[in-house]
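First up is the structure itself, then whatever we jot down about it.
The values are calculated or read from the model by the stated rules, or taken from the named source; none is laboratory data. The structure presented is a predicted model; accordingly, all values stated were derived computationally and were not measured. When we count neighbours, we look across all protein chains shown, and the Cβ atoms used for this are built from the backbone with ideal geometry, even at glycine.
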Amino acid sequence: MTAPYVPAATSPYPPSVDVSELGPGVFTYWAKRWSKWRLFSGWFMIVISLVSIILSPLAILFGVMLFRSPNFSRKARAKRIDLHQHGIALHEEQGLVAAYRFDQISVAQRITENYYNGFKTGTAYLLTVTGADGRSSKITQFYDNIGHLAQALQQGVMDAQFGRAVATAQAGYPVTFGPFTVTPQGLVCGQKHTVTWPLLDRVVVSSGTVRIMVHGRRTALVAKPIHEIPNFALFLALVSNVRATQG
């Protein structure tokens, strides 16, 4: 019988991960340097703040931020994330600080679009990668091409864990993704709702939220933010697969 699928973060005795286990390198994500406009704005605010005694603490704050940026800080500039065929490796000035295999991790992602007066001012990323031993690394837009990295993490987990998750569900074991649990009978949504596959209408993803829609109801039965669902892309793929075979 197929062994139960267990999310990586719950395994108490994981093997240590060596970079040699990750396969060949694919891409490197470097610390994102400030743009010329942002540098100019930083220096401008420092000068303006220094003119006023009242605002001088702001000058110190802007100065600290500026000199801690990858443009001026060797420590910040040395940070990078190497994407490998089977995982990622995080490096800092002192060298390798963490390595994760796609088949052993869970990834929670929070992506927030920021607006000011109706205009988009940027996108904030928080990717929390948790290994089999429970230790985690938080990755933000500090790194360049962070959107590409977010997609690469979800795809890497999908490729490495989808087959095992499907086999687990087919063997009759539940597969849990945060507030949701996929079973052969249906989708368990927390402690209050269980939606059988024939009752499930669709799963809607919009505005950073997953909504479970059922037949005969206009509004969502359950709505959960994406960042609460580890391995979000794998969850959607597994729901689609099990529903197609059991629904």
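Odds and ends about this structure:
- Residues within the range 87-135 that are outside any strand (DSSP E or B) and within 19 Å of HIS148 (Cα to Cα), tallied: 2
- Apart from one condition, HIS84 fits all of (1) without any contact (Cβ under 8 Å) to a residue 40 or more places away in the chain; (2) within 15 Å of THR28 (Cβ to Cβ); the exception is (1).
- No other residue among THR112, THR176 is over 22 Å from THR28 (Cβ atoms), at pLDDT 95 or above and hydroxyl-bearing (Ser, Thr, Tyr) apart from THR176.
- Scope the range 167-219; condition without any contact (Cβ under 8 Å) to a residue 12 or more places away in the chain, within 14 Å of PHE235 (Cα to Cα) and of a type in the set (Val, Ile, Thr); matching residues: THR181
- Lone unmet requirement of (1) surrounded by fewer than 18 Cβ atoms within 10 Å (Cβ to Cβ); (2) farther than 25 Å from ASP82 by Cα for ILE212: (1)
- Subset of the range 136-147 (residues that are assigned to a strand (DSSP E or B) and not small (Gly, Ala, Ser)): LYS138, ILE139, THR140, TYR143
- Test for SER137: is it surrounded by fewer than 20 Cβ atoms within 10 Å (Cβ to Cβ), in contact (Cβ under 8 Å) with a residue 12 or more places away in the chain and not hydrophobic (A, V, I, L, M, F, W, C): yes
- The range 86-113, residues that are more than 18 Å from the chain's Cα centre (by Cα) and polar (S, T, N, Q): GLN94
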